Structures are given as C-alpha cells and as structure tokens.
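The values are calculated or read from the model by the stated rules, or taken from the named source; none is laboratory data. This one's a predicted model, so the numbers in the text were calculated from it and none came from an experiment. Quick reminder, even Gly has a Cβ in these numbers, built from the backbone with ideal geometry, and neighbours come from all protein chains shown.
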C-alpha cells in the first residue's frame, strides 16, 4: 500500500475526468436500490401506490410510523427475526471461526498421518455446492428430531472450509516455526503455545474469517428455509421472503404489508452496512489474502 | 499432535459434509412407490433426471446464465478495479466503498430490493421511460427475466469481485510500470500487458467462485418468483427443482438425486476448468 501511494505521489497529478464521470454513473447504479428503499420506506400505502414519483419522497414522510408498525406487526415478529439472524450469525460465525483457526493452524504447523490427504479433501470441499448438502442434512436432522430448532441452522454453519484454507495460508506465512520451537523449549505445552504465541500473530486473519463466516450465516437463506417451519425461528432473510410471497399473492388486500417489507428491507441491511463501514480494513485484508495466493 | 487442532473441524467436516454427501448418494439410489414401499433402483433416478425436461431445462438455464452473467460481472469488476487503481482521488475512494456496498446485503434482500424496482406498481421504470414516451421494460416478464436476473447478480457481486481484483492490482510492484513506461508503453498497454496478466490468479479465483455460485442459483429466482407469477416456475433452476421435489412433494429420493447430479455437474465443471488453467493456478 505505502509503496503504491509513494509511486502515485511522484507522478503528475492526473484528473482523468472521463473515467471519473464513468465511475460516477456506476456509483449511481450501485446506489439506486438503496436510494429507492430509503425514499419509499418513508411512505404509507397511499403514498406508495398513489402514482407519485417513485424516486422521491411523498408529501407525508412517516419513518417513525412505519417503523413502529414494522416492530408491532404480528406480535413483533420482525424483531424476533432480527434477533434470530443475530444469534445465527454470532453462533455460526464464532463457532466456525474457532474451528477454522485451529484446523488451519494444525494443517500449517504440524506433520501428521494423512495430513496431505485431509487438506486435499478440505480444498475439494470448496467446490462442493453447499445447497447439495441441505436435503440430506435435513433428513438426517429430521431423524434426530433437530429440524425446526435453532441447531438445524447453527450446526451446519460451523463448516467453513474456506476459513480453514485462509487460516492455513496465513498461519504458514505469519507464524514462524522458530518462535513456536522457542516456546516449546521454554516448556510451554502445545495448547499454551497456540493460545499465547500463535493466536496473537494470527489475529488479523482471525477477524477476517470471523467476519466472513458471520456474514455468510447472516445471509443464509436456503438452509433455514428448508430446516425451519416455525416462523418464530426464522432469520430475517426467510421472514422477509415469506412476507413478500404473501404480499404478492394477494396484491390488492395487502398494500400495507408492502410498506412493512420495504421498511423491513431497510432495517435488515443497517447492521451489516454499519459493520461494513467500521470494519472495512478487515474485509479488504482477508479478501486480498484469498485473492493473491 | 496435529489432530488435536484439526480434529474438531474434522468432526464437523465428517458430520456436515461427508455424511450428507454419502447419505444423498444412498438416498438417490432408492425410490418410494405408493405400492411396494421403498426399493433399491440403482441409477434409475439419475436416468430419470437426465431425461426429465424440468431438470434439463433448468440445467440449460443455469449454464446459459453462467455464460452471460459471469463474463459480464468480471468485465465490469475488472474495468472498475483498473479505473480505481489508476485514478486516486477522494471521489474514487468513495466510489470504491459504494460499489462494494451491495456485498454487505444478503442476496435475498438484494433480490427483494430489485423486485421493488422492477415492480409495475411502485417501481421507477415507468416514470423514467415515461419521460421519453417509451413503454417501460418488464424485467419480470418471461422475455426479460433472464436480463432482470443478470442485473441483480451483477449488482450483487461485481463490487466484491472488484475489491478482490483491486487488492491484487495494489499488490503489483509499481517499479514494473516505471520500467514499462521507459520502454514506451502507454496506459492501455500497461493495463493489458502487465496488470491483467499479473492478476490472472485472482481472476481465476473469481471465475471459480462465481461458477460454483451461479450453477447453484436459487435465492434470487426463488424470491422474484412470487412477483413474476407464471414467469419463474418451480423448476426454473435445478436447485429450485430439487427443493420443490424434496420439500413440496416430499420426494426426497428424487430430490437427492437432482441435487447430487447438480453437485456432480458443478464439481466436474470446476475440475475441468481448473485442469485447463492449471498452469496459471497459484491460488490453491
């Protein structure tokens, strides 16, 4: 990074106006859906369907009214969905990260029987479509009585082969064998060496894997859609999908549901957008880690 | 000692990857009939799948969709990454963030949002096209749903791919550009002859990930289905068809066979792709 900026400083300052204008159009394209949702979540049903400008505010701006409707509709089910999503993202994300960090470190720093074969299996697993696993996992869970419980969503999210791969790459390069050997020579056990010496060195990649796994759980749709039938256990993705299906099925009778869905879409993206802006350094770090190797 | 660290992941790996795959394979070899119960039919379900017009048309759709959507996303992402790499200003830093923003949005919510924009009742398309006196395109109609979906996935993923490519571009040693300039290379030549070849591993990584993702296409068409009544059937993509068979019709054997066949297509597709590009493959 610093090399690049120095090289940039040496060059003549260049404006590249046409490129910046092109970029401006692209930014508008990427922001239009957000803008639409921000504007239209301020409208009530007449404002929404009244044929006014769809990309600008109506006369009535009623964010608070829509918000309170959103969180009180059907006994406050939407609030539950957000909490469920949070629970699934945290439990799945933290669990998957712990397993990935340990496994990545193990693969990078130990020599053991079947290591190469096991690691090849993990890499092969990157190519297995996650959705191919959902149907058999559902039947296995049904036999164990686990379907329609939170475990049906959390347990499968613990599997993150990509996290293992990232941690393997990072541990291999960022944790020198000499330091580990020195710690062992000082009498530290393997677990203590891992926790006290290796883990702090791996921390930047740990944060990245945590973010990627938590976001993957938060975004998950197919798995909870298949596993859950009780709508009080739904994450917000499945919940909004359900509302959208209901609202489209009887278009005339459910105009008020549409304003809830729009407000619901806005509220559901806020936590991730905040996480995204505050933690962008970690996102980019991990993505380049995956891309460069 | 290594197994101490790898073991916990290994258990999850066996329980939620190997076991379901083996179980899906097992299930796919049986059939449940009203009379006679469940019986072993070996590969009959696969024979049925590969002659089933629903599965074949769905597979054909995701293959066609991959051929259009993946190159489009990668070209857009590459162009944006090259611009952002070449021009540094406050505005480009802002743009980088805004273009990446859709990645933070769950695909389901992205599809819901584009569903709003495509909607005839409250979408802006009729306003915009009305200004020019033109009829607005209906991206939820059977003619245009393909492009409607291409647009949704491009919006969703191009920024993510852009960031990966941008990070790879930033990792290039800038003295290479100085050397190329000394030799008389222009900006375009530097981009085409130096930058793009050097980020080939990142481009391949993106290609593989987008191929795996697109062949499993499910979330976006499933969400837009309720808006595009009649346009998107329950067998629109192989994954939707497998879902319908398993969860709407409780036909788990055939559903497993379809998802296993789809998994096989993805695995073989990716494997063949990696085989033909193995010289450049340095990311795995």
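I need the full set of residues from region B:209-220 which are at the interface with chain A (Cβ under 8 Å from one of its Cβ atoms) and over 17 Å from residue B:152 (Cβ atoms), in order please.
Keep residues of region B:209-220 that are at the interface with chain A (Cβ under 8 Å from one of its Cβ atoms), which gives B:212, B:215-216, B:218-219.
Within region B:209-220, just B:212 meets the criteria.
Can you name the residue in region B:50-62 that is in contact (Cβ under 8 Å) with a residue 60 or more places away in the chain and closer than 12 Å to residue B:237 by Cβ and is also farthest from the chain's Cα centre (by Cα) among such residues? Can you show your working first?
To start, the set of residues in region B:50-62 that are in contact (Cβ under 8 Å) with a residue 60 or more places away in the chain comprises B:50, B:54-55, B:57-59, B:61-62.
Then drop every residue that is not closer than 12 Å to residue B:237 by Cβ, which leaves B:54-55, B:57-59, B:61-62.
Numbers: B:54: 20, B:55: 18, B:57: 18, B:58: 15, B:59: 14, B:61: 13, B:62: 9 Å.
Among those residues, the one meeting the criterion is B:54.
Residues to consider are B:94, B:61, B:65; find the one that is at pLDDT 85 or above, within 11 Å of chain A (Cβ to nearest Cβ) and not in a loop (DSSP other than H, G, I, E, B). Steps first, answer last, please.
Details: B:61 fails: within 11 Å of chain A (Cβ to nearest Cβ); B:65 fails: within 11 Å of chain A (Cβ to nearest Cβ).
Checking each option against the conditions leaves just B:94.
Report whether or not residue B:144 is at the interface with another protein chain (Cβ under 8 Å from one of its Cβ atoms), more than 21 Å from residue B:104 (Cβ to Cβ) and at pLDDT 85 or above.
Details: at the interface with another protein chain (Cβ under 8 Å from one of its Cβ atoms): no; more than 21 Å from residue B:104 (Cβ to Cβ): yes; at pLDDT 85 or above: yes.
In short, no.
Tally time: how many residues in region B:221-234 are assigned to a loop (DSSP other than H, G, I, E, B), surrounded by 22 or more Cβ atoms within 10 Å (Cβ to Cβ) and more than 10 Å from chain A (Cβ to nearest Cβ)?
Total satisfying the criteria: 1.
Which one of the conditions (1) under 23 Å from residue A:195 (Cβ atoms); (2) more than 16 Å from the chain's Cα centre (by Cα); (3) assigned to a helix (DSSP H, G or I); (4) facing another protein chain (nearest Cβ under 10 Å) does residue A:131 fail to meet, given that it meets all the rest?
Among (1) under 23 Å from residue A:195 (Cβ atoms); (2) more than 16 Å from the chain's Cα centre (by Cα); (3) assigned to a helix (DSSP H, G or I); (4) facing another protein chain (nearest Cβ under 10 Å), the lone unmet condition for residue A:131 is (1).
For region A:100-149, which positions are buried (at least 17 other Cβ atoms within 10 Å of the Cβ), out of contact with any helix residue (DSSP H, G or I) (no Cβ under 6 Å at 6 or more places or on another chain) and touching a residue at least 40 places away in the same chain (Cβ under 8 Å)?
Across region A:100-149, the qualifying residues are A:109, A:130.
Residues being touching a residue at least 40 places away in the same chain (Cβ under 8 Å), within 24 Å of the chain's Cα centre (by Cα) and facing chain B (nearest Cβ under 7 Å): count how many of those fall in region A:26-57.
Final tally of qualifying residues: 1.
If residue A:110 satisfies every condition in (1) more than 7 Å from chain B (Cβ to nearest Cβ); (2) over 25 Å from the mean Cα position of the chain (by Cα) but one, which is the exception?
Unmet for residue A:110, out of (1) more than 7 Å from chain B (Cβ to nearest Cβ); (2) over 25 Å from the mean Cα position of the chain (by Cα): (1).
Taking residue A:60 as meeting all but one of (1) modelled with pLDDT under 85; (2) within 14 Å of another protein chain (Cβ to nearest Cβ); (3) touching a helix residue (DSSP H, G or I) at 6+ places or on another chain (Cβ under 8 Å); (4) over 22 Å from residue A:236 (Cα atoms), write down the number of the exception.
So residue A:60 meets the others, but not (2).
In region B:9-44, what residues are at pLDDT below 85 and in a loop (DSSP other than H, G, I, E, B)?
Within region B:9-44, B:34, B:35, B:36, B:41, B:42, B:43 meet the criteria.
Only one of B:47, B:6 is more than 11 Å from chain A (Cβ to nearest Cβ), in a helix (DSSP H, G or I), without any contact (Cβ under 8 Å) to a residue 60 or more places away in the chain and over 26 Å from the mean Cα position of the chain (by Cα); which?
Values: B:6 fails: more than 11 Å from chain A (Cβ to nearest Cβ).
Being more than 11 Å from chain A (Cβ to nearest Cβ), in a helix (DSSP H, G or I), without any contact (Cβ under 8 Å) to a residue 60 or more places away in the chain and over 26 Å from the mean Cα position of the chain (by Cα) holds for just one of B:47, B:6, which is B:47.
When residues of region B:235-254 are filtered for being part of a loop (DSSP other than H, G, I, E, B) and surrounded by 22 or more Cβ atoms within 10 Å (Cβ to Cβ), how many remain?
The initial filter retains those residues of region B:235-254 that are part of a loop (DSSP other than H, G, I, E, B), namely B:235-237, B:249-251.
Still in the running and surrounded by 22 or more Cβ atoms within 10 Å (Cβ to Cβ): B:236-237.
The qualifying residues number 2.
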